[in-house]
Amino acid sequence: MPGIMTYPNNFIRFLGTAGTRFIMLSQRRSSGGIWFSYGGARGVIDPGPGSLVRICEASPPLSPVDINTLILTHRHVDHSSDVNVLAEGMTLRAREPRGFVLLTKDCLADGDSVLMKYMTKKIDKTAFHEDGAIVHPAGGMSVESVLHFHHGVECYGLIFRGGGLPTWGLISDTAPMGYFPERYRDCELLIINVALAFPRSRLDHMSMPDATSLLAHMRPKMAVITHMGSDMLDMGEEFISARMSTAETKVVASRDGMIIDMDDIMNIKQPGGMER
C-alpha cells in the first residue's frame with residue numbers, strides 16, 4: 001500500500017538511547033540497545049531493560065524470532081538484562097542450536113553468568129571478545145572487537161564490515177583511549193556512547209569534549225551520539241548536533257526509534273520525520 005514505510009535492506013534502529021543508571025531507571029529514554037540488519041546479520045547490540053518491548057512495539061514491525069545475532073559489549077545490567085529473552089526468541093523455532101552470540105568472558109562467569117547456562121545449549125555458536133579478534137556472525141559480514149576501559153569489567157567496542165556496505169563502528173561505555181582514532185579510522189559511520197556533557201575523572205565514560213576531539217581526528221562522514229546521561233539530554237538533540245557537526249562530519253544526537261539506512265548512511269529517519 002502507498003505511504004506505508006518499510007525498512008531498508010540494511011539498517012540500524014535505536015531501540016533505546018538511555019545512558020547511565022538514572023536515565024535507565026526513570027526511562028526518560030528507553031534502554032533497549034541497538035537493532036541492526038547488516039550484511040545478512042540481524043540482531044541486537046546491548047539489549048538492556050525493555051529491549052523486547054521496544055522490538056514488539058516497533059513500527060514497521062520487528063520480531064525477536066528473526067534475530068540471528070546477539071552482541072554484548074559488557075555485562076552491566078543496562079546493556080544485558082534482556083539478552084536471555086532475546087536468545088529465547090532467536091532459538092524458539094529451531095530444532096537444532098541456532099544463532100550467534102558475541103560477549104565478554106565475564107558474562108559467563110561461574111556463579112554470576114549474565115547469559116543463562118541452559119540458554120547456551122540452544123545457541124549454535126558463542127564467541128568471546130578479544131582485542132583485534134574478528135568474527136563472522138552471519139552472511140558476509142564481520143565484527144572486530146576493540147578493547148575498552150570501563151569500571152573494572154571487560155568491555156569492547158565494535159567495528160562492522162560487509163562487502164559493498166559502509167564500515168561502521170560503535171564506541172561503547174569507556175574512558176577515552178588514545179588508540180581509538182587509529183582503530184576506528186575506516187568507519188564511515190561512528191556511533192559513540194557519550195554519557196557526560198563534561199569529563200569527570202572518576203567516571204570511565206566519554207564526554208562531549210572527548211567525542212568532539214575524537215571526531216576531529218577521524219572525520220567520519222556521519223557520527224551518532226547515543227547513551228546520553230541527564231546533562232546531555234538537557235542540552236537537547238539540536239544543540240548537540242549543531243555544536244559537534246563540522247564540514248567533514250555530520251553529527252546527529254540519537255532519539256529512541258531513530259533509523260539509519262546503511263545503504264545510504266546520510267539518510268536518517270527520526271521519529272516524526274526524515275532528516276538528511
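Applying the selection to segment 37-90, what residues are of a type in the set (D, E, K, R) and outside any helix (DSSP H, G or I)? Before the answer, list the steps.
Taking segment 37-90 and keeping what is of a type in the set (D, E, K, R), we get 42, 46, 54, 57, 66, 75, 78, 82, 88.
Once the filter is applied, which keeps residues that are of a type in the set (D, E, K, R) and outside any helix (DSSP H, G or I), segment 37-90 yields ARG42, ASP46, ARG75, ASP82.
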### Message
I'm trying to understand the selection: among the residues of segment 119-178, which are in contact with a Cys (Cβ under 9 Å, 6 or more places away or on another chain), more than 27 Å from PRO97 (Cβ to Cβ) and of a type in the set (Asp, Glu)?
### Response
ASP173
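Based on what the data block shows, is LYS105 under 19 Å from VAL153 (Cα atoms), out of contact with any Pro (no Cβ under 9 Å at 6 or more places or on another chain), exposed (fewer than 14 other Cβ atoms within 10 Å of the Cβ) and among the basic types (Lys, Arg)? Write out each step before concluding.
Working: under 19 Å from VAL153 (Cα atoms): yes; out of contact with any Pro (no Cβ under 9 Å at 6 or more places or on another chain): yes; exposed (fewer than 14 other Cβ atoms within 10 Å of the Cβ): yes; among the basic types (Lys, Arg): yes.
Judged against the criteria, LYS105 is a match.
For segment 173-276, which fully contained strands (runs of 3 or more DSSP E) count at least 2 residues that are hydrophobic (A, V, I, L, M, F, W, C)? Steps first, please.
Details: elements: 189-196, 222-226, 250-253, 259-261, 268-270, 273-275.
Passing ranges, in order: 189-196, 222-226, 250-253, 259-261.
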### Query
Counting only residues that are in a helix (DSSP H, G or I) and within 18 Å of the chain's Cα centre (by Cα), how many does segment 91-137 have?
1
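Could you list, in sequence order, the residues of segment 9-31 that are of a type outside the set (Phe, Trp, Tyr) and closer than 18 Å to ILE268 by Cβ?
Taking segment 9-31 and keeping what is of a type outside the set (Phe, Trp, Tyr), we get 9-10, 12-13, 15-21, 23-31.
Of everything in segment 9-31, those that are of a type outside the set (Phe, Trp, Tyr) and closer than 18 Å to ILE268 by Cβ turn out to be ASN9, ASN10, ILE12, ARG13, LEU15, GLY16, THR17, ARG29, SER30.
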### Message
Quick test of your reading of the structure: LYS250 fulfils all but one of (1) closer than 29 Å to VAL153 by Cα; (2) out of contact with any His (no Cβ under 7 Å at 6 or more places or on another chain). Name the failing condition by number.
### Response
(1)
### Task
Kindly provide the set of residues from segment 140-160 that are acidic (Asp, Glu) and either without any contact (Cβ under 8 Å) to a residue 60 or more places away in the chain or surrounded by fewer than 17 Cβ atoms within 10 Å (Cβ to Cβ) (or both), ordered by number.
GLU144
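Going by what's in this entry, would ALA223 be described as surrounded by 14 or more Cβ atoms within 10 Å (Cβ to Cβ), under 15 Å from GLY16 (Cβ atoms) and in contact (Cβ under 8 Å) with a residue 24 or more places away in the chain? Talk me through it step by step, then tell me what you get.
Working: surrounded by 14 or more Cβ atoms within 10 Å (Cβ to Cβ): yes; under 15 Å from GLY16 (Cβ atoms): no; in contact (Cβ under 8 Å) with a residue 24 or more places away in the chain: yes.
Spelling it out, it is not the case that ALA223 is surrounded by 14 or more Cβ atoms within 10 Å (Cβ to Cβ), under 15 Å from GLY16 (Cβ atoms) and in contact (Cβ under 8 Å) with a residue 24 or more places away in the chain.
Matching residues to (1) in contact (Cβ under 8 Å) with a residue 60 or more places away in the chain; (2) crowded, with 20+ Cβ neighbours inside 10 Å; (3) among the β-branched types (Val, Ile, Thr):
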| position | (1), (2), (3) |
| --- | --- |
| ALA58 | yes, no, no |
| VAL65 | no, no, yes |
| HIS76 | yes, yes, no |
| ASN84 | no, no, no |
| MET90 | no, yes, no |
| ARG98 | no, no, no |
| SER113 | no, no, no |
| HIS129 | no, yes, no |
| ALA138 | yes, no, no |
### Scope segment 171-221; condition over 15 Å from LEU147 (Cα atoms) and among the small types (Gly, Ala, Ser); matching residues
ALA195, ALA197, SER201, SER207, ALA211, SER213, ALA216
### Residues (touching a helix residue (DSSP H, G or I) at 6+ places or on another chain (Cβ under 8 Å) and β-branched (Val, Ile, Thr)) located in segment 163-202
ILE171, ILE192, VAL194
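Read the figures in this text as sums done on the coordinates, not as results from a lab. Remember, predicted model here, so these are calculated numbers, not experimental data. Backbone-built Cβ (ideal geometry, glycine too); neighbour counts: all protein chains shown.
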